[in-house]
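The values are calculated or read from the model by the stated rules, or taken from the named source; none is laboratory data. Computed from a prediction, not measured in an experiment: that's the story for all the values here. Heavy atoms of the whole protein, side chains included, go into the accessibility calculation; ligands, DNA and RNA do not. Shrake-Rupley method; radii C 1.70, N 1.55, O 1.52, S 1.80 Å.
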Amino acid sequence: MKEKKKRIIITTAGLLILLITIIGATYAYFTAQMGEGVGTDINASTGTTDSLSFQAGKAINIVANQENFGKDKGNQSDSTTATATLVANNVDNHALYNFICI
């Protein structure tokens, strides 16, 4: 009797976890398909007085449909400008570390 009860509890927990995973993945998929892009500006302050900041710019938006995506229709394009700013130590104007952007 204990084995049967234990098996039912484990099966119920497994099905609940599976259901939550499917609902979460479906929600994430449709949110990504229908939602608008979000830009984030990042500012990092180091232990020194160096300051590193990133501004992402606007989201790139390219729409390909039957009217503009076909033979002899030309290219679809969009652009954005992102910036990274490093303000070196304001005491001696010397950066202590190398910052690498990939």
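For the reader, a short list of remarks on this structure follows.
- Heavy atoms of Phe54: accessible area, 1.4 Å probe, square angstrom to 10: 70
- Contour minus Cα-Cα distance for Lys2 and Lys73 (0.36 nm per residue): 18.6 nm
- In order along region 3-12, the Karplus-derived 3J(HN,Hα) couplings, from 6.51 cos²θ - 1.76 cosθ + 1.60 at θ = phi - 60°, round to 5, 5, 5, 5, 5, 5, 5, 5, 5, 5 Hz, and Gly and Pro are given as x.
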